[in-house]
1. What accessible area per residue, rounded to a whole number of Å², is obtained for the chain using a probe radius of 1.4 Å?
2. Which residues' amide hydrogens lie under 5 Å from the amide hydrogen of residue 162, considering only partners 5 or more residues apart or on another chain, with H built in the peptide plane?
3. Please report the carbon-and-sulfur percent of the accessible area for segment 61-140; probe 1.4 Å, protein heavy atoms only, DNA, RNA and ligands left out.
4. Work from the charge dipole of segment 50-125 (Cβ charges, +1 for Lys and Arg, -1 for Asp and Glu, about the Cα centre) and give the residue of 65, 118, 85 farthest towards its positive end.
5. Give the value in nm², to one decimal: projected area of the alpha carbon convex hull of the chain, averaged over all directions.
6. Tell me, in nm to one decimal, what length is gained between residue 169 and residue 42 on full extension, where the rule is 0.36 nm per residue of separation less the Cα-Cα distance?
7. For the chain, give the share of DSSP beta bridges that are antiparallel, in percent and rounded to the nearest 5; count only bridges with both residues there.
8. Report, by chain and number, residues whose modeled amide H sits under 5 Å from the one on residue 126, excluding near sequence neighbours (fewer than 5 apart, same chain).
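The values are calculated or read from the model by the stated rules, or taken from the named source; none is laboratory data. Please read all numbers here as calculations on a predicted model, not as lab measurements. FYI the Cβ positions are ideal-geometry reconstructions off the backbone, even for glycines, and counts take in every protein chain you see. Ligands, DNA and RNA are excluded from the accessible area calculation, which covers all protein heavy atoms including side chains. Shrake-Rupley method; radii C 1.70, N 1.55, O 1.52, S 1.80 Å.
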Amino acid sequence: MTSDTRPGPLRVLVFGAALRTDSVNARLASLVARLVSDSGAEADLALMRDFDMPSYDGDVETAQGLPPGALALHERLDRSDAFVIASPEYNASVPGVLKNAIDWVSRIRPQPFKTKHAMLVSASPSLVGGNRGLWALRVPLEHLGTRVYPDMFSLPDSYQAFAEDGRLSDAGLHERLAETVSGFLGLVEADVRYVCLERRWYEFLGDRTEADVTQRAEK
């Protein structure tokens, strides 16, 4: 018996990892969410303020469990096929509030970052566009098993980069961002839709997915 039922659209969590109300990374997240929707996927746009949580403390975790903000982020992440982070660069690295959120959420079992697809983007008034921070952000995410998309997008001179309609003023940059989002969604769709493909995640040549070293982030 055949069925005409088709799978629903991909669901992608998109959030800006800055707390400042007028953050350029929040604007970039909003633009990415629009591009995700234009591609036929479902964008779940969020702000870092939606996931307020204290600094990670093992004693607090033991006594009280995970804070509501961490549970909220986990819920939105768990409902998504993939996620996009628009992250500022603080001192050539990851914003503390974002690293803290990753640390809290990674305590949940099963560990929710494992096998998720992620795309990283950044906006900065500097000429490098926050790119150094994205390289630093890859480290904890990839350690946790996240499949971080190789092609990252960094927006330089961000205070002058946005047009009134929310698009990028530079047509070439806007097209590159749109192509990056499209390529990312194509990869996610291939992984989510073609369930006959067995997932593999190798840390080095000759490694086995069932080896203890590949499971360390899940324990």
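1. Accessible area per residue: 53 Å².
2. 169
3. C and S atoms contribute 56 percent here.
4. 118
5. 14.7
6. Length difference between fully extended and current span is 43.2 nm.
7. 10
8. 157, 158
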